[in-house]
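The values are calculated or read from the model by the stated rules, or taken from the named source; none is laboratory data. Because the structure is predicted, anything quoted here is derived from the model rather than measured. Glycine also receives a Cβ, built like all others from the backbone with ideal geometry; neighbour counts cover every protein chain displayed.
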Amino acid sequence: MATMAFKRGNSMTGGRRNSGGSGSWMSIVVIMLLLVLAPVGYFFGSGMYTSIDVNDLSTSIGKQDVDWRAKLAFQHIRSLFSKRVIDVIKASTDDLGPLSLDSFRKNNLSASWKFTEQDHVINSTSSPAEITEGTRKWTPTGKLEKILDGHSQSVDTPEKLARRKLRDKRRENRAADLVKNDNNVIIKLENAAIERSKSVDSAVLGKYSIWRKENDNENIDTTIRLVRDQMIMARVYMSIATMKNKTQLAHELQSQLKESQRALGDATADADLNHSVAEKIKAMGQLLSKAKEQLYDCKLVTGKLRAMLQSADERVRSLKKQSMFLSQIAAKTIPNGIHCLSMRLTIDYYLLPLEKRVFPRRENLENPDLYHYALFSDNVLAASVVVNSTIKNAKEPEKHVFHLVSDKLNFGAMNMWFLLNPPGKATIHVENVDEFKWLNSSYCPVLRQLESAAMKEYYFKSDHQTTGSSNLKYRNPKYLSMLNHLRFYLPQVYPKLNKILFLDDDIVVQKDLTGLWKVDLNGKVNGAVETCGESFHRFDKYLNFSNPHIARNFDPNACGWAYGMNMFDLDVWKKKDITGIYHKWQNMNEDRVLWKLGTLPPGLMTFYGLTHPLDKSWHVLGLGYNPSIDKRDIEKAAVIHYNGNMKPWLELAMTKYRSYWVKYIKFDHPYVRGCKLGE
């Protein structure tokens, strides 16, 4: 029995083994399905419900009407995870909040997920119908692995959060640094612009200056600009309309253009415009829109604007030439006040008896131990400033002697002025250049050349082919006057002097000049301040080096120097025969092939290698053309020179420099007041 029982048991066992093959296979299939479906159900369920307590899963599932897949997943979830894993999941849920679809939307979900209606949120109070509808609003397009990856990305650890905060902080710091760098660059640019603006001179620019306060506003005078722009486009379209035989439109544009011109008038600012200008702008705008619809062609409009620009450029060049011509004319003229002063003085001088026309202290005129000045001028007011400024700044005025030479037209006026206004204890003497009988055409090449037909035609004929500013400059009447060339005959004019300081009549003396007599010229004839810079005011600027005589005898890079304040050693002059050298070069330049007219080029040639450079503080030049001279250089200079067209007695003088000159004029003098020179 026992044996039978044992066999039965074995057979039963064997039967179970035989049948267990199919049973174990089915178990594996069920387990695999659970392993696959449980996570899916878990995530679907966790997305539909805002909060799920893992310990009460069965109770939660019983209370909710959810999809059967979710039920199946929740029922088997306990068998899939150990209690320790479930506790960890519960702790993470408590810390990070309930698992939901929102957490996927808000975090770094895989790019394969596509959401619609993101504002729709499913919460614990939603009805089953709402939950079902909500689940239809979004669809996963990736595989299960992407779902699991997306969920793993949605959970941030404290370390990740800390790193994210650090990254955000670094981004903020970098952005702040970039903004700070940009601000520093802007500040540097503004400071550079301010430094450049310091060299802008309002006197040269006139009433308008880009640095004036009223021009700070970028939108100032926008109406005038708009009207002008409309007028430009009207001219463009009018030309195109005429070209395309649109005569009616061309006539309308021409008529409206005239209306805009009348509305604009002479206004230079919006405040000067008429009130009707707004209507004109509106009408012109409508007409331009009409013209654009009918005529606009980019190529044609561009061509017309280019042609207008070229035409405007030609007009600017023409006006610039005209301005140069007028400035040269202005430089040649004598203001009415100075002409009035000269005439009144001349009349009163010739009314004086002969015994009252004599200056005192004539014995000083040939005393070589005194300080002698040579001044050649036909401008009474300018000569008075030179003498007054020299005497007022002299330490020992009684030792100074002024030798004035004028022409016969101004000889009486010059005498009368200094008879009425003697220079203190200093000595003064006035001579007439026309009384120098030895200075004639047989001796002086310039006088002989001025009598030639070619020179007369050059100066007095108006139909010249070349009318450049340089030609106008050298046709200045001062180059016709022997007063300008008398500087080459100083030993002949003053034979008993050994040194003399030559002064132009457009200078102002600001310091005592007696120190110049103590300067050692080192055997040279001329003591002068050099004017050359790195590439300007050198010999090649003044002389024609294409001529073999010039090229063979002079260095084109030799430094130029200035007339206006020159110390001449007359003893060395006579030994070197400077006047003879001047005559030689002047005779060779009869047809003006070596240099243009003037006295500086022949001076550079005559005193070539015989000029001693003086310290620049003795003589500061450029106040008649250069608006950028440093004020400190002017104030420490012994002599300031208004060389150029903007002489201080002319209306076109630069106002910033004029004060240095006018302070030596006696505006309370009856003659000055009578000729209104103070106005």
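Could you tell me whether any residue of the range 514-524 is of a type in the set (A, V, I, L, M), buried (at least 21 other Cβ atoms within 10 Å of the Cβ), in a loop (DSSP other than H, G, I, E, B) and assigned by TED's automatic domain parsing to the domain that holds ARG592? No, because not a single residue in the range 514-524 is of a type in the set (A, V, I, L, M), buried (at least 21 other Cβ atoms within 10 Å of the Cβ), in a loop (DSSP other than H, G, I, E, B) and assigned by TED's automatic domain parsing to the domain that holds ARG592.
Just one of (1) within 29 Å of PHE667 (Cβ to Cβ); (2) modelled with pLDDT under 80; (3) buried (at least 18 other Cβ atoms within 10 Å of the Cβ) fails for LEU472. It is (1). State yes or no: is ASP182 more than 30 Å from THR302 (Cα to Cα), assigned to a helix (DSSP H, G or I), modelled with pLDDT of 70 or more and not assigned by TED's automatic domain parsing to the domain that holds LEU295? No: the conditions fail for ASP182. Condition check for GLN248 on (1) more than 18 Å from ASN274 (Cβ to Cβ); (2) under 35 Å from the mean Cα position of the chain (by Cα): one failure, at (2). Hey, could you check the range 314-357 for residues that are modelled with pLDDT of 80 or more and of a type in the set (D, E, K, R) and say which is farthest from MET238 (Cα to Cα)? Per the stated criteria, the residue is GLU355.
Within the bounds of the range 428-438, is there any residue that is more than 19 Å from ILE665 (Cβ to Cβ), buried (at least 21 other Cβ atoms within 10 Å of the Cβ), of a type in the set (Phe, Trp, Tyr) and in the same structural domain as VAL493 (by TED's automatic domain parsing)? Checking the range 428-438: not a single residue is more than 19 Å from ILE665 (Cβ to Cβ), buried (at least 21 other Cβ atoms within 10 Å of the Cβ), of a type in the set (Phe, Trp, Tyr) and in the same structural domain as VAL493 (by TED's automatic domain parsing).
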